[in-house]
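Heads up: the structure comes next, in structure tokens.
Here, each number is a calculation from the coordinates, and none is a lab measurement. Computed from a predicted model, the values in this text were never measured in an experiment. Cβ sites come from the backbone with ideal geometry, for glycine too, and all protein chains shown count toward neighbours.
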Amino acid sequence: METEITKQIFIFIIFIFSGSFIGILFDLFRILRRSFKTSDLITTIQDMLFCVITGFFLIYAIFTFNNGEIRLYVICGLVIGLSLYLLFLSKYVIKVNIYIINYIKKIIINVCYIIFIPMKFILSIFKRPFKFIFINIEKIIQNTSNNLFKSLKTVKKNKKTRIKRKDFRT
């Protein structure tokens, strides 16, 4: 009889930790939402993913540690573990992880900035000769379009004068 009670206490403790793990998983999704702006569709996908992962984890834990039996002490262990985690540890885990993610984002932005400085310099070097070419091409196109417009204008004028002359001949 005593071994059955110790086994149930052991399972109860395991499910307290399982509830805490579910809280950590929940906070992971909350941290991602606070660190990166997501659309409503991505949020919905994250919620479904959380439910699926949590469901598989619970099924695995129940079948592994309690032979597939769902008892009241299993549910109590999950609720207690999740509640203790959310009450005492969640806010600190979220703050620390958001700080770490924001710090990593700043590092990545600074590294990208440092990497792009030489690229900007190289582009500015190559931009000068190409800029001269593009300015000349632009001038040629502008002159051509102006000349074309002028010629179209004179053709239009000539048509009007021809039309007027025809009217007077009859």
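Between ILE140 and LEU25, how many nm apart are label points set 7 Å from Cα along the C-beta direction?
6.6
Short version: ³J(HN,Hα) in whole Hz for each residue of segment 94-100, in order, from phi by Karplus 6.51 cos²θ - 1.76 cosθ + 1.60 (θ = phi - 60°), x for Gly and Pro, what are they?
Using θ = phi - 60°, the values come out as 5, 4, 5, 5, 5, 4, 5 Hz.
At 7 Å along the Cα-to-beta-carbon direction for both ILE9 and LYS95, put a label point, then send me their distance in nm to one decimal.
Label-label distance for ILE9 and LYS95, simple model: 3.5 nm.
Give me the extension gain from CYS51 to LYS120: residue separation times 0.36 nm, minus the current Cα-Cα distance, reported in nm with one decimal.
Result for the pair: 20.2 nm of gain on full extension.
Once phi is turned into ³J(HN,Hα) by the Karplus curve 6.51 cos²θ - 1.76 cosθ + 1.60 with θ = phi - 60°, what whole-Hz value does each residue of segment 28-42 show in order, with x for glycine and proline?
Going residue by residue, I get 4, 5, 5, 5, 4, 5, 6, 7, 10, 6, 10, 7, 5, 5, 5 Hz, with x marking Gly and Pro.
Could you tell me what % of all Cα pairs in segment 2-143 have separations over 26 Å? Walk me through the numbers before you get to the answer.
Working: 5392 of 10011 pairs.
Summing the P(r) tail past 26 Å for segment 2-143 gives 54 percent.
Charges on Cβ only, +1 for Lys and Arg, -1 for Asp and Glu, centred on the Cα centroid of segment 2-143; of LEU28, CYS76, MET48, which one is farthest towards the dipole's positive end?
Of LEU28, CYS76, MET48, it is LEU28.
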